[in-house]
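First up is the structure itself, then whatever we jot down about it.
The values are calculated or read from the model by the stated rules, or taken from the named source; none is laboratory data. Small disclaimer: the values here were computed from a predicted structure and weren't measured. Every residue, glycine among them, receives a Cβ derived from its backbone with ideal geometry; neighbour counts consider all protein chains shown. Accessible surface areas use protein heavy atoms only, side chains included; no ligands, DNA or RNA. Shrake-Rupley method; radii C 1.70, N 1.55, O 1.52, S 1.80 Å.
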Amino acid sequence: MIDLHSHTTASDGSLTPAELAALAAGRGLTCLGITDHDTIGGLAEAEQAAAAVGLELVPGVEISVDYSGGEFHLLGYFIDYRNALFLDRLSYLQENRFNRNQVMLRKMRDLGFEMTMADIEAEAGGGQIGRPHMARALLKKGYVDSVQEAFNRYLADGQPLHVPKVKLAPPEAIDLVHLAGGAAVLAHPRYLGFDDPADLEVEIEQLAGAGLDGLECYYSQHSEAQTRLYLEIATRHDLVVTAGSDFHGISKPDVELGTIYQGRAGDSSLLEPLRESARSHAGG
Ligand code: AMP
Ligand code: ZN
Ligand code: FE
Ligand code: FE
């Protein structure tokens, strides 16, 4: 059984890559995809740790994509995460994130919060810093009573501390994954924000035209009806199907590694079509 969507301390997960690999092997998974937000910082450690416990690691990434309706996350699988051009594009996103963090910190100070970058970094455990770490720092200092309150009052879009992040347009993100020789998969389609399945299908058809390779039909937060709909859409548009929990550890306590659909992990038969799709993009 497999789980192709998980996060480590390299982004906003609470387990290190080695801890996550050990947990995956302990849960009986044969294959684990690590997909940190806009960073590949955990993959080298994960690859070593996975090899040591006899687990196949699918090197991945989850790219935040510019999209007006809802939340658009693009997964890249079987990426060559040492590709120089790919790393160059990622570092552009990271520089923007760094600058954004500085601006958000200044806004916190302007609101009268006593906060330093070191306070926020302490919540990130050496990985990439984002709003979840700011929320935890605000909580620790007693400015809010929960992480959710930190988002609702300060950090969510439209709230006083929010600063938009530079994001790639959908075709740019798809091209970036292909540049790294990976397969481009639309994460958790439910969060794109379509109420009407027909509208969603039109959007996915366009994305398929832009090179999208797959759809994360099996996802820990999809209902059975949603799963069935996404499977039908994937079939109609010749997209590969993936399965992921989106495990984050304590930062997303309701989600368990390897629990994706009907209490189970993804089927290992999903793996070869995904690998085959990535292979068609290998070599740039
Ligand atoms: P960032 O990349 O710094 O913008 O942070 C994005 C992360 O913040 C997401 O992956 C979520 O984990 C979290 N997040 C974003 N919006 C909310 C919200 N309204 N409530 C709780 N968590 C949120
Ligand atoms: Zn996350
Ligand atoms: Fe996501
Ligand atoms: Fe995720």
What do you reckon, is ALA25 hydrophobic (A, V, I, L, M, F, W, C), open to solvent by less than 50 Å² (accessible area, probe 1.4 Å), away from ligand 3 (no atom under 16 Å from the Cβ) and touching a residue at least 12 places away in the same chain (Cβ under 8 Å)?
yes
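Results for (1) more than 14 Å from the chain's Cα centre (by Cα); (2) buried (at least 17 other Cβ atoms within 10 Å of the Cβ); (3) acidic (Asp, Glu); (4) at pLDDT below 95, shown as yes or no for each residue.
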| residue | (1), (2), (3), (4) |
| --- | --- |
| SER6 | no, yes, no, no |
| SER11 | no, yes, no, yes |
| CYS31 | yes, yes, no, no |
| LEU57 | yes, yes, no, no |
| TYR77 | no, yes, no, no |
| TYR81 | yes, yes, no, no |
Of all residues in segment 163-201, count the ones that are within 16 Å of ligand 3 (Cβ to nearest atom), in contact with a Phe, Trp or Tyr (Cβ under 7 Å, 6 or more places away or on another chain) and either without any contact (Cβ under 8 Å) to a residue 60 or more places away in the chain or assigned to a strand (DSSP E or B) (or both).
2
Flagged in segment 223-258 as more than 15 Å from the chain's Cα centre (by Cα), within 16 Å of ligand 4 (Cβ to nearest atom) and surrounded by fewer than 20 Cβ atoms within 10 Å (Cβ to Cβ), in numbering order, are ILE250, PRO253, ASP254, GLU256
